[in-house]
Each structure stands twice: as structure tokens, then as C-alpha cells.
1. Given a 10 angstrom Cα cut-off, can you work out which residue in A:106, A:48, A:65 is the most mobile in a GNM of chain A?
2. Evaluate peptide B:146-154: per residue, the Cβ atoms of other protein chains within 10 Å of its Cβ; return the mean as an integer.
3. Quick one: check the C-alpha center-to-center distance for the stretch B:193-211 versus the stretch B:96-166, whole angstrom.
4. Could you let me know the centre-to-centre spacing of the stretch A:107-133 and the stretch A:65-89, using Cα atoms, in angstrom?
5. Relative contact order, percent, of chain A when contacts are C-alpha pairs under 8 Å separated by at least 6 residues?
6. With chain A treated as a Gaussian network of Cα nodes joined by springs under 10 Å, which of A:57, A:122, A:94 yields the largest mean-square fluctuation?
7. Got the relative contact order for the stretch B:49-204 handy, in percent, Cα pairs under 8 Å and 6 or more residues apart?
8. Given a 10 angstrom Cα cut-off, can you work out which residue in A:27, A:37, A:66 is the most mobile in a GNM of chain A?
């Protein structure tokens, strides 16, 4: 573990339904460094694939666009901006695994971070707030 | 059940996706976006347009990450300086390196989702690190809204922006409709230090609630 890294313990684990109850998002890990906060999650069942490969190497739409965004505020009132993320389907197709980040890293004296997650998949969207200990 | 009027591409379910894959939707999936179809189709721009650029790159042997960043940054700055935001950040921007989906939430956040093509993945390998060395709003360099993410090259890479800081300033600005935004992504192979790709988009912030 890098110096100064803060890693969420089991107590940070949270699960909730997203996208009108069609999927469950489970927070797996919250990691904080001086530069960023990173949240790892799993969504079950897997989100549909947005793209499929064409024989010529290009992409063709296969499912709805999926958008994921996050913003945060800590218990001291400091704001955190979306630092982006990435997600993909596990090889068995059972779930979507991903992570997203916020910037900057938390102030040393901050004790909790409230995240607002916004997830859109085609016509369905949901917004969720969760507070995580730092 | 399928809502054929709106099109299966609006369904967020494995059933909807599997039906699409089985060929039960129109041949042009981009045309199956119901009310949003026109905007999405209209914003699918050609690969060679100056506001929609990308290329596979060969990184010189031994070049440091900082030197690579500096090199691609110079090129990105040149493109940004000469490119106008003629199209809105909506719909899908297709390219042989990566397709990028855009929307803007009713609250005003611009969101994007980025997928590498099979051609790019074949060049880059199984795992990549995606960064955004540079971004601009109205030609002001800003702190890029995307940190490094190292994942399988098949993943969707996504981000969003509402508030931002200009480089060297602690003042928080909020994006506004018609702002010119420019994002420049650098994708590096995790297995081959000489393989990389770039992706560049300049577009205009659309009205709130646009997809």
C-alpha cells in the first residue's frame, strides 16, 4: 500500500438497486490517496453491451448508451469532482465490474465522503447518494 | 417487452441487448433511438473531421511518459487552436480509434463514454491506461476531468464535467450551453511501451437534458 493511502474497510460495503430496480450495485472498495478517491463496484446482472465489433474492426451499436458520473462532498464541505472511470463485463457475463474516481484526494482531517452517483442506461436513469467513511 | 416504437437500444437489459445482437433491430442501430435518433445520427461525424480526430501512434523507444505527454500536448494544442466547435457534444462520435457517446444531464453535467475499436485494441493489447493529458473550455486550458485508468482494453471508459478549474487557478467555473470544449485522450498499451493511440474531440456544450 502506498504511503498515505487510506483504504475503506469492510464497514464501507454497501449495496443498492439502480436503474429502476433492474440491477444491484455493490460497492467493493473505497481507496483514497493524496491525489484521488477511487471507488470499485460491481453491478449485477451485467449492463448490456453498448457496442459490438464489426469484421472490419469498427464498432456497431448493440445496446443503449451507458453514462456514469459522480460528484462528492466531504464532512468538511469540500467538493470533489468526477475523475472518470471505466467498466466492463466479466468474462462469464454475470456482472459488470468497474471503478470510478474523484479528485482531489481527501483532506487528512476529512472523516467521511458523501457521493452522488448518476447512472443512465438507455431510457432508464437513477441517482443515488451514499456516505462512505474515509 | 420490447417497445418497438422507441427502439430496443433504449432498453437497459440483457434481453434487449441479446435481441439486438440476434438481429431483431434495424440494420443501423444508430437509427433506433426514438425521439433522440435524429440528434444522435446527425452528430455521427466523419473520422477525418478536424474536430473528431484520432490515430494509432508509435512511441519512440525510451521516451519518458512526461516526454510523450509533452509531445501529444503540443499537437493537441495546435488542433484546439485551429478548430471551432461547430457540432454539439451529443450522440455518438464515431472514429476508427474509439467511439464516444455524449449527453448532458438536466442538471447540466456533460457526460461521455469512450470505447476502443477492435482495430485499436488489436494494436494496443489486452490492457491499456487511458489518460486525458489536456482539456480546454473556450480555449482555456483546464485541469482535465479524467485521471489515469488502467483497465482491459475492452472496457468502457467514461467521465463527466460540470464544474472545472482553469490550470493555475483555484476558481471553480461551471460549463454553460455553447461553451467550446476540447478533450484529448491518450491511450497507452500496458504490454507494449511503444504502442499508443490518441483521440481528440472539439464540440459545443448542448442544452441541458440533451442526449
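1. Residue with maximal mean-square fluctuation among A:106, A:48, A:65: A:65.
2. Values: counts 6, 11, 5, 9, 2, 7, 5, 1, 6.
For peptide B:146-154, the averaged partner shielding equals 6.
3. 6 Å
4. Between the Cα centre of the stretch A:107-133 and that of the stretch A:65-89, the gap is 7 Å.
5. Working: 311 pairs, mean separation 34.4, N = 134.
This gives 26 percent for chain A.
6. A:57
7. For the stretch B:49-204, the relative contact order is 31 percent.
8. It is A:66.
Bear in mind that the values in this text are calculations on the coordinates, not laboratory data. Just so it is clear, the structure is predicted and the values come from calculations on it, not from any experiment. Positions of Cβ are backbone-derived with ideal geometry, glycine not excepted, and every protein chain shown enters the neighbour counts.
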